[in-house]
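Written below as structure tokens is the structure these notes are about.
Bear in mind that the values in this text are calculations on the coordinates, not laboratory data. For clarity, every value in this text was computed on a predicted model and none was experimentally measured. Counting neighbours? That spans all protein chains shown, and the Cβs are built from the backbone with ideal geometry, glycine included.
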Ligand SMILES: *Cc1c(COP(=O)(O)O)cnc(C)c1O
């Protein structure tokens, strides 16, 4: 069976929009896309008067090399948020199909599914916020087309062991796609699930340049999957999704120097994460610091609302995740630069003293 049999039949049958850039490339006199023949003021040689390629070849090639896959297995998107939305729209029929999420987890899976009219089935994390593979598979009814697993998980920071991902991909084959969101994997000790792609055509891996690569403002993410899935998603993508300045910024950040800098910074943030976890756990009013493999820590406070307020008064903004399942009293605190982390610790210590 082709993995595309899981997709919406009307999307498989859709005659996609064919843009000028798709129909012809090359040539010196470009009169096929109604563009301006002149660059805008301040263009600096970027050629912003021209539409970008639908999937700029240089960026796709660079992402493929970076993630160790073939170019045909890469879809470059406006952040992994767009990739999540495309998956739901291509695979879930409104009012008929469903997705599985494992709360507490990243909220966009459920939001994208609900916008599409797909049912959201929850397979909550077990005690200690570990993924419950049996519960997840039990939740994967025939209506389920997508199973979202986030590792390291936002907002708890825990990872799913590679053997568990492999088991899930095998068990879901022919039934649903396993979507592994690796937005924070650069901060973790676990390998990417992309190594499993040759064996599982129902596996999708999401990567992003928004976190470790310091490019949240450029909105570049990558979906890694079997070429037929990539081709299907391209059918429903707008014709020119990636702005030229964003593609250029990504290529600049992904050169050899950029790669070395990313590794250096990720190592520093991992060291700061460990230091912060120890210092936070020693503070009065801190009930628990969840073990994290990401660039944030979920921390349970005796009085989270007042702590959140006191930090804001000190000019420090953290995320209140207390409304998420199992996380009452928890704040999600990003790991910052060393001086920022010191300022956070000082503000928390001052508050503990005043209490
Ligand atoms: C931040 C985040 C994303 C979003 O990434 P973009 O590429 O910026 O859209 C995806 N998944 C998780 C779990 C995240 O925390």
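For n ≥ 4 DSSP H runs only, could you compute -39500 (n - 2.57) per run for the chain, divide by its residues and tell me the 222 nm figure to the nearest 500?
Values: 12 runs with 133 residues, N = 355.
About -11500 deg cm²/dmol.
Could you work out the pair-distance distribution P(r) of region 113-189 from its alpha-carbon pairs, with 10 angstrom bin width and percents rounded to whole numbers?
P(r) over region 113-189, rounded to whole percents: 17, 52, 28, 2.
Give me the Kirkwood hydrodynamic radius of region 65-169 in Å, from all C-alpha pairs, to one decimal place?
The Cα-based Kirkwood calculation yields 14.6 Å.
If you wrap the chain's Cα atoms in a convex hull and average its projection over all directions, what's the area in nm²?
19.9 nm²
Identify which of 37, 338, 162 has the largest mean-square fluctuation in a Gaussian network model of the chain, with springs joining Cα atoms closer than 10 Å.
Result for the chain, Cα springs under 10 Å: 37 fluctuates most.
Once both axes come from the Cα atoms, what is the angle between helix 57-67 and the longest principal axis of the chain, in degrees from 0 to 90, rounded to 10?
The answer is roughly 40 degrees.
Take 17, 51 and order them by how many other Cβ atoms sit within 10 Å, fewest up front.
Ascending number of Cβ neighbours within 10 Å: 17, 51.
In the Gaussian network model of the chain, springs joining C-alpha atoms below 10 Å, which of 118, 24, 260 carries the largest mean-square fluctuation?
24
When a footprinting reagent is the concern and you count Cβ atoms within 10 Å, what order do 1, 237 take, fewest first?
In increasing order of surrounding Cβ atoms, one gets 1, 237.
Using only Cα atoms, tell me the angle between helix 244-253 and the longest principal axis of the chain; keep it within 0 to 90° and round to the nearest 10.
It works out to around 60 degrees.
For region 163-214 and region 319-354, what is the centre-to-centre distance using only Cα atoms, to the nearest Å?
One Cα centre to the other: 30 Å.
Helix 304-313: angle to the longest alpha-carbon principal axis of the chain, degrees 0 to 90, nearest 10?
Long axis of 304-313 versus the principal axis of the chain: about 80 degrees.
For region 219-327, what ratio Rg/Rh do Cα atoms give with a Kirkwood hydrodynamic radius?
Rg/Rh: 1.11.
At a 10 Å Cβ-Cβ cut-off, how would you order 184, 67, fewest neighbours first?
67, 184
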